[in-house]
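Colleague: Structure incoming, see below.
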Amino acid sequence: MRVLYVSVDLFYTNPTGRLLSAVIDHISDVKFFGPGFVSTEELSSGLNSFVDRNGPFDIVLATEKVALIDPNADFSSEIERYKRLYYFNFPESDLRFLPQIASDYRLLKIPRVLSLLQNDLYNWNNSHADMILASADVILSNGLENVVYVDEMQNRSSEPWAMGATDVFVGLVKEYPSRFASFPLFVSDSEVCRVPHVFRPNRWAVPGVRYRARRIAAEKLALSGHKLSRRPPGSYIHKAAEMIGRMPYSGIAAAQYFFRREMENARAVYTCGSVLRQPIRKFFEIPAAGALLVCEPCAGLSDYGFEHDSSCLIISPEDILEADQFLNDHSERAQDIARRAQKLVIAKHSTLARSVQLAAVFKRLLAGTFAGARWSNGEYVLLGTPDLRVGTSYSPAA
């Protein structure tokens, strides 16, 4: 299978964008196009020229960095935003090719798959939906199992950014389920830490405490005597990047290092998906790091295979001290739950696992039988007649 990948090669504190390249590399003969992937000269020749010289391709996979660009918009301010958020090692002027790349991509006659893995899905308006429908035959993003209508969200006023949330994306998934392949975030092998809890210096970590549930949990743990990092190092690094107008590579590397160390030094980590109940990457990073996942659940957590008291502890932030007592009284049990969750993530939510799942999506797309894909009770299911469950060797009892 030959795949054309169209995006921008960026370094970000959340490594998902670069890991997606590894997922595709596992399953196809892939060619990369976009700023950072090819030379300025290659970019100036255009996407169509690249396809003519390197094709034919069976599938083109693009990201939101291409598909959500308005070809008619002024891209100057967007370039400044890129410089502050991401590190990249190509000339910044190469970013000016993106609007034309976006326009050319939408007109390709190859089956088009679009990744929305790093997009703020609740910040959409109708123009976002129109661009997506014009840009993809299959969309990799949140799926039916974890979309939540705004009026179903509780305590929304406690997180100011949630007050502007819209139902545009949710409506798109509900209206066109056969075009969506649920594709949650995932981890790489390098993020797996097997240090036993007995050797970890801290009982708790609560990274990113600005969300309501994390804030409450952190406050209660702090009052009970636990010392927590109240602001993630990444927040200082992003603030510095705003001041100097550019994100250095050392900033990205430092933010990732300190975030992982915080989890790897803790026996338990509390998280949530904000009041939007999003399946953020921490739900997979925490088990990969070997810590016990204690959480206010995101929408769809059980469909991803997580079970309370088996592979996580589902605890409201107000009751976090009950989990603290559990860690104190049942340390071996906590270690067992953490290890079971780690094996679940390796088997079903790792780079290799996503490559198996994406290969199954590609196969049905090329056969003309793709009818949607979602997670259900811990299994990845391709919808159709019949439904197909994408297998794994993972067993909860293992």
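Rule-based calculations on the coordinates, nothing more; no lab input. Every value quoted in this text rests on a predicted model; they were computed, and no experiment measured them. With ideal geometry, Cβ positions are generated from the backbone for all residues, glycine too; neighbour counts draw on all protein chains shown.
Colleague: Once label points are set 7 Å from the Cα along Cα→Cβ at both Ala222 and Leu321, what is their separation, rounded to one decimal in nm?
Modeller: For Ala222 paired with Leu321, the spin-label model returns 1.7 nm.
Colleague: Where in region 79-104 is the amide nitrogen less than 11 Å from a point lying 7 Å along the Cα-to-Cβ axis of Ala73?
Modeller: Residues passing the 11 Å test: 79, 99.
Colleague: Could you tell me the calculated FRET efficiency between Asp167 and Gln118, based on Cβ-Cβ distance and R0 = 25 angstrom, to the nearest 0.05?
Modeller: Values: r = 21 Å, r/R0 = 0.83.
The value I calculate is 0.75.
Colleague: Taking the Cβ of Pro196 as the center, what net charge do the other residues with Cβ under 10 Å away carry, scoring Lys and Arg +1 and Asp and Glu -1?
Modeller: Values: positive: Arg194, Arg200, Arg267, Arg339; negative: none.
That works out to +4.
Colleague: Now, a different point. Place a label point 7 angstrom from the Cα of Glu242 along the Cα-to-Cβ direction, then list the residues of region 3-37 whose backbone nitrogen is under 18 Å away.
Modeller: The answer is 13-14.
Colleague: Which of the following values of P(r) over Cα pairs in 10 Å bins from 0, in percent was calculated from the structure shown: (1) 5, 22, 30, 22, 13, 6, 2, 0; (2) 5, 17, 17, 13, 10, 9, 8, 7, 6, 4, 2, 1, 0, 0; (3) 5, 22, 32, 27, 12, 3, 0?
Modeller: (3)
Colleague: What are the membrane-span-like helices in the chain by this rule: whole DSSP H runs, Cα extent along the axis at least 27 Å, mean Kyte-Doolittle hydropathy at least -1.0?
Modeller: Values: long enough: none.
For the chain, where a helix must reach 27 Å along its axis and average at least -1.0, there are no hits.
Colleague: Now for a different question. What FRET efficiency comes out for Ser45 versus Arg210 if R0 is 41 angstrom and r is the Cβ-Cβ distance? Round to the nearest 0.05.
Modeller: Numbers: r = 45 Å, r/R0 = 1.09.
Once the sixth-power term is evaluated, E becomes 0.35.
Colleague: For every other residue with a beta carbon closer than 13 angstrom to the beta carbon of Glu80, add +1 if it is Lys or Arg and -1 if Asp or Glu, then tell me the sum. Kindly include the intermediate steps, with their values, before the conclusion.
Modeller: Details: positive: Arg81, Lys83, Arg84, Arg96, Arg246; negative: Asp74, Glu78, Glu92, Glu242.
Surrounding charge for Glu80 is +1.
Colleague: On to the next question. Hey, got a sec? Which chymotrypsin sites (Phe, Trp or Tyr not before Pro) in region 110-182 land in a DSSP loop and have at most 11 other Cβ atoms within 10 Å?
Modeller: Numbers: sites: Tyr122, Trp124, Tyr149, Trp161, Phe169, Phe180; in loops: Trp124, Tyr149.
Passing both the DSSP loop test and the Cβ count: Tyr149.
Colleague: For Lys363, list the lysines whose Cα falls under 26 Å from its own Cα; do not include residues on the same chain fewer than 8 positions away.
Modeller: Correct list for Lys363: Lys31, Lys65, Lys109, Lys174, Lys348.
Colleague: Next question, about the same structure. Computed FRET efficiency, Cβ-Cβ of Asp52 and Ser331, R0 51 Å: what is it to the nearest 0.05?
Modeller: 0.25
Colleague: Around Ser21, under 14 Å between beta carbons, what's the net of Lys plus Arg minus Asp minus Glu among the other residues?
Modeller: The answer is +1.
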